[in-house]
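**Q** Attaching a single structure in structure tokens format; questions to follow.
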Amino acid sequence: GESVGLHLPTLSVQEGDNSIINCAYSNSASDYFIWYKQESGKGPQFIIDIRSNMDKRQGQRVTVLLNKTVKHLSLQIAATQPGDSAVYFCAEIPSSASKIIFGSGTRLSIRP
Amino acid sequence: DSGVTQTPKHLITATGQRVTLRCSPRSGDLSVYWYQQSLDQGLQFLIQYYNGEERAKGNILERFSAQQFPDLHSELNLSSLELGDSALYFCASSVVDRAYEQYFGPGTRLTVT
């Protein structure tokens, strides 16, 4: 099955370049902010999380930045590869809750 | 492979009917979540169960219900189906203190005709 998103914003990146995917969130009381990746025909896959008391967290080839002043979250992918093609969702977990609220998603496409 | 299994993969049914979607969580995960993904609504949280008990509820319609069994598998029941219920339905599981790190199954694509 295809991923959601006839109306998703799309980011096109040259293979090997860095990708930056941005997200605005609304709930300033959220404890966790998360990035998920959804490849075509698959379920979302956890990438990285950041707690609300942090500004930056690094993983393998990915970095998440949190700017609470402007309620902005970003995912940076270093040396983008064809396998990074997917829809990327930012998400948040409100305080005292265990449910994830997903954003609308950004489709990342890679140019060879 | 996330370790979460969902059946069936595809389901085609008519309006007014009732269907049951099944999910088996990762081994050891006590929390199970259900999500609906449609073209115009994105990923919407429906409901969460923890060790057999309902833990959190999202925008789940009254026509929909779920349960988690003693062996931790979960079922999502959708009744009086409408065309607008056509969507991908995902199940996810997590360990209790890492709700942000959910493992999603491959989904069930429901088509209501």
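**Q** Separation between the B:Asn51 and A:Ser52 pseudo-spin-labels, each 7 Å from Cα along Cα→Cβ, expressed in nm?
**A** In this crude label model, B:Asn51 to A:Ser52 measures out at 2.6 nm.
**Q** Report, by chain and number, residues whose modeled amide H sits under 5 Å from the one on A:Ile48, excluding near sequence neighbours (fewer than 5 apart, same chain).
**A** When sequence neighbours closer than 5 places are left aside, the close amide H contacts are A:Trp35.
**Q** Shifting gears a bit: Of the residues B:Phe45, B:Phe90, B:Phe69, which exhibits the maximal mean-square fluctuation in a Gaussian network model of chain B defined by a 10 Å Cα contact cut-off?
**A** B:Phe69
**Q** Could you run the Karplus curve 6.51 cos²θ - 1.76 cosθ + 1.60 with θ = phi - 60° over the stretch A:60-75 and give me ³J(HN,Hα) per residue in whole Hz, x for Gly and Pro?
**A** 7, 6, 10, 9, 10, 10, 10, 10, 6, 4, 10, 6, 10, 10, 9, 10
**Q** Show the residues, 5+ positions off or on another chain, whose built amide H is closer than 5 Å to the amide H of A:Asn18.
**A** When sequence neighbours closer than 5 places are left aside, the close amide H contacts are A:Ala79, A:Thr80.
**Q** Determine ³J(HN,Hα), in whole Hz, for all residues of the stretch B:77-83 in sequence, where each value follows from phi through the Karplus function 6.51 cos²θ - 1.76 cosθ + 1.60 and θ = phi - 60°; x replaces Gly and Pro.
**A** Each residue of the stretch B:77-83 in turn: 9, 10, 10, 6, 4, 10, 4 Hz.
**Q** Among the listed pairs A:Lys99/B:Lys9; A:Lys37/A:Lys99; A:Lys56/B:Lys9, give every one whose C-alpha distance is greater than 29 Å.
**A** A:Lys56/B:Lys9
**Q** Per residue of the stretch B:51-68, what does 6.51 cos²θ - 1.76 cosθ + 1.60 with θ = phi - 60° give for ³J(HN,Hα)? Whole Hz please, x for Gly and Pro, Karplus curve as stated.
**A** 6, x, 10, 5, 10, 8, 10, x, 7, 8, 6, 5, 6, 9, 8, 9, 7, 10
**Q** Turning to a different aspect of this structure: At R0 = 30 Å, how high is the FRET efficiency between B:Ser38 and A:Thr69 if r is their beta carbon distance? Nearest 0.05 is fine.
**A** 0.35
**Q** Still on this structure, please answer the following. Assuming R0 = 35 Å, can you tell me the calculated FRET efficiency for the pair B:Thr20 and A:Ala29, based on Cβ-Cβ distance, to the nearest 0.05?
**A** The pair B:Thr20/A:Ala29 has a calculated efficiency of 0.45.
**Q** Quick one: Cα centre-to-centre distance for the stretch A:56-112 and the stretch B:67-102, in angstrom?
**A** Cα centroid to Cα centroid, the span is 23 Å.
**Q** Turning to a different aspect of this structure: State, to one decimal in nm, how far the label point of A:Gln81 lies from the label point of B:Thr5, with both points 7 Å from Cα in the Cβ direction.
**A** Distance between the two pseudo-spin positions: 2.9 nm.
**Q** Between B:Arg98 and B:Thr113, what is the label-to-label distance in nm when each label sits 7 Å out along the Cα-to-Cβ direction?
**A** 4.3
**Q** Can you work out the FRET efficiency for the pair B:Glu82 and A:Gln45, with r the C-beta to C-beta distance and R0 = 35 Å, to the nearest 0.05?
**A** 0.70
Any read-out appearing in this document is the output of simple, stated calculations on the displayed coordinates, not a laboratory observation. These figures come from a predicted structure and were not determined experimentally. In this analysis, Cβ positions are derived from the backbone assuming ideal geometry, glycine residues included, and neighbour counts consider all displayed protein chains.
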